[in-house]
1. Ignoring everything except DSSP H segments at least 4 long, calculate the 222 nm mean residue ellipticity for chain B; use -39,500 (n - 2.57) per segment, divide by total residues, nearest 500.
2. Starting from the Cα-Cα distance between B:Ala178 and B:Met211, subtract it from 0.36 nm times their residue separation and give me the gain in nm to one decimal.
3. Where the label is 7 Å out from Cα toward Cβ, how close does B:Asp185 come to the same position in every other copy, in nm, shortest first?
4. In nm to one decimal, list the spacings between the A:His223 label point and its equivalents in the other copies, with label points set 7 Å along Cα to Cβ, shortest first.
5. Can you work out which chain B residue has the shortest Cβ-to-axis distance for the rotation that carries B onto A, and give it in Å?
6. Name the long-range amide H neighbours of B:Met78: under 5 Å, sequence gap of 5 or more, or other chain; modelled H, no Pro or chain starts.
7. Please grab the % of Cα pairs in the protein assembly as shown that end up more than 45 Å from each other.
8. For segment B:1-132, state what percent of all Cα-Cα pairs lands in each successive 5 Å bin, counting from 0 Å until the bin that includes the largest distance.
There are 2 protein chains.
Amino acid sequence: MTEPNAPYDPLHCDGSNGTLNNPVSPDGRVDPEERHTIPAREGRAVHLNKGDRLFILNEKGHQVCDFFALLPDTPAEMLSMEHTCTALGHIYVGIGDTLVTNRRRPLIEIVEDTSPGTHDILIACCDQPRYAQLGHEGYHDNCADNFRMALQAIGIEPVHVPSPFNIWMNIPVAEDGAFQWTPPDSKAGDHIALEAKETCICVMSACPQDMTPVNGIDTEPTHLVFWIERTAT
Amino acid sequence: MTEPNAPYDPLHCDGSNGTLNNPVSPDGRVDPEERHTIPAREGRAVHLNKGDRLFILNEKGHQVCDFFALLPDTPAEMLSMEHTCTALGHIYVGIGDTLVTNRRRPLIEIVEDTSPGTHDILIACCDQPRYAQLGHEGYHDNCADNFRMALQAIGIEPVHVPSPFNIWMNIPVAEDGAFQWTPPDSKAGDHIALEAKETCICVMSACPQDMTPVNGIDTEPTHLVFWIERTAT
């Protein structure tokens, strides 16, 4: 495991899990309608053509999905929550909203959502230093490493770990700006569908956070399921 | 000027201004107490030793300062607003709050603030695509390029343009999550003081935004002044 004060390299993982050696395919391409499981605490990358829709299923209902996207030929251009804030003029997102990149390019539109629509775009993904600060000893699976490994598994080297679209993460912000980490209000079987406005690589991490209630109370982090629908030919 | 759809390179500026050729010194070091001006629409980088205090003066009162910081030997480790949100548990910052890096390392503490304390940590810095979307034709000075140029002027190559600490930017977030771009509530002569918890490079950009009211109404973007105080020997 990496020393806590080692020089930071965005490519370098603090540890490892099954994400690194189990890509959905060598380049992240999948067949339409084919269902794929993201095991609990792991991540997967998937290639979407422009117009494809990505469906993410919250089978157990209490599982957060840390979601990232970037351009396959220019991985420095990434989905960016801070640019999305500016584009939308609000800190919550819902059906019909389009998330943009760090070049302000529309990339991901939320087109379906059967949950109450509670998601977060403000909070960094979990990482090894976060678990160390929460008191965990040794390596803890984390969404930052899942992001790195899922991309490395299909041959892409990210230059940075961006802030994620935290699907189903329930971070209510009070009027004074204070917020809490609370359990998802999604239910078993909820899904969200995201449409690619450009060809892109999406990364999903089944968040392994088990030291705050973001993946439910008295529950363990669990798996997610995804598939794509191809609308363009 | 860069084509709007050129592949994105975080090092590449979309245009240029005086920031690139006017560093405070070749390595960003300055003498304590010596006052430096950041001309309107430009940026400057300054080296702080651990324990140094950086004073930023809002001489005219209506000028936003986009603020960034990173580690000199590991420029990929940067002040990160999304990690700061998690560290603080709120979306507003004030005296006594410490901003952290993307490795969750405490880096910048707000130690003085004579303004009402209205600052933003949610919104991306302005960039060429932002001004293009607002309807500007041709190159517009912007904080992303000022960040790049201020660092390049002292020999540092950033791997990413992070989201800034927007000092004096007034973005009130309503209970439903919607926000507005409104003028600063700071007054002429206000200053803020930031203490370096680690040796770091700070970048300040006198935000050139003149197409929304963030730098005031019926005002032009103007200069800022800064100096450092050395508490350690």
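1. When only DSSP H runs of four or more count, the value is -3000 deg cm²/dmol.
2. Here the segment from B:Ala178 to B:Met211 would lengthen by 9.9 nm.
3. Output for B:Asp185: 2.8 nm, nearest copy listed first.
4. 6.4
5. Nearest Cβ to the rotation axis, residue and whole-Å distance: B:His160, 2.
6. It is B:Asn102, B:Arg103, by chain and number.
7. Looking at the protein assembly as shown, the distances longer than 45 Å represent 8 percent of pairs.
8. 2, 7, 15, 19, 22, 19, 11, 4, 1
All of the numbers you see were taken from the coordinates with simple rules; none came from a lab. Values in this document were obtained by computation on a predicted structure and should not be read as measured data. For neighbour counting, all protein chains shown are included, and Cβ atoms are generated from backbone atoms with ideal geometry for every residue, glycine included.
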